[in-house]
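Structure, as structure tokens:
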Amino acid sequence: MSGDAGGQSHDVSLLEGLRILTLGKRVLVLGIGNRSRGDDAAGSLLADRLQGQLRVPVIDASDVPENYIAPIEESGAEVVVVVDAADFGGEPGDVALLDVNQLNELGLSTHTAGLSLMFQAMTEERRPRAAVLAIQPASNQLGAGISAPVEVTLELLGNLLLELFGP
């Protein structure tokens, strides 16, 4: 799975990738991020912005996604769409749609090792498939705000998720 929020054709492929992955499935959106570390806040901020706007559950897990194993399992979700900043070598603001199991292989994000293990820790019969919308950060510097390219991507992803899961 891969896509890029950099241009119109990529937006369509990202949307189609998400649509194919989630079609007919119970979905949950999980935002992850540390709000005090620049672009690392991206997933958490997007989850916060989408609260109450989608017909699927949205959880802002901040930088402790492992604390949300029980709520994810109890949600009955078949697919969890994780939104997180991850350095995959793209341009700031680029997006890649990845399977959670690819994260360890690629060595991405400050949260990735925990994410893969978190989903493995769930009971097999209640374990959803996890796809990650990985956003390439410009900076994860302590005290920095969201960079302009990542802010544009958050708007774009918010619109894509509203198109897929909005009322």
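Overview of values
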read-out: Distance in nm between pseudo-label sites at residue 13 and residue 67 (7 Å out along the Cβ direction from Cα); value: 3.7 nm
read-out: Two-decimal log10 I(q)/I(0) for the stretch 8-165, as the Debye equation yields it once each C-alpha is a single scatterer, q = 0.11 Å⁻¹; value: -0.37
read-out: Inter-probe distance in nm under a simple model that places probes 7 Å from Cα toward Cβ, at residue 144 and residue 120; value: 3.1 nm
read-out: Percent RCO, i.e. relative contact order, over the chain, from Cα pairs under 8 Å lying at least 6 residues apart; value: 30 percent
read-out: Euclidean distance between Cα centres, the stretch 139-160 to the stretch 36-56, Å; value: 10 Å
read-out: Efficiency of FRET between residue 55 and residue 91 - r from beta-carbon atoms, R0 41 angstrom, step 0.05; value: 0.80
read-out: Packing-based ranking, highest mean first, of 126-138, 42-54 given that Cβ atoms within 10 Å are counted; value: 126-138, 42-54
read-out: Förster radius 35 Å - calculated FRET efficiency between residue 162 and residue 78 (Cβ-Cβ, nearest 0.05); value: 0.95
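FYI, it's all coordinate maths here, none of it is from the lab. All values reported here derive from a predicted model rather than from experimental measurement. We place every Cβ from the backbone using ideal geometry, glycine too, and count neighbours over all the protein chains shown.
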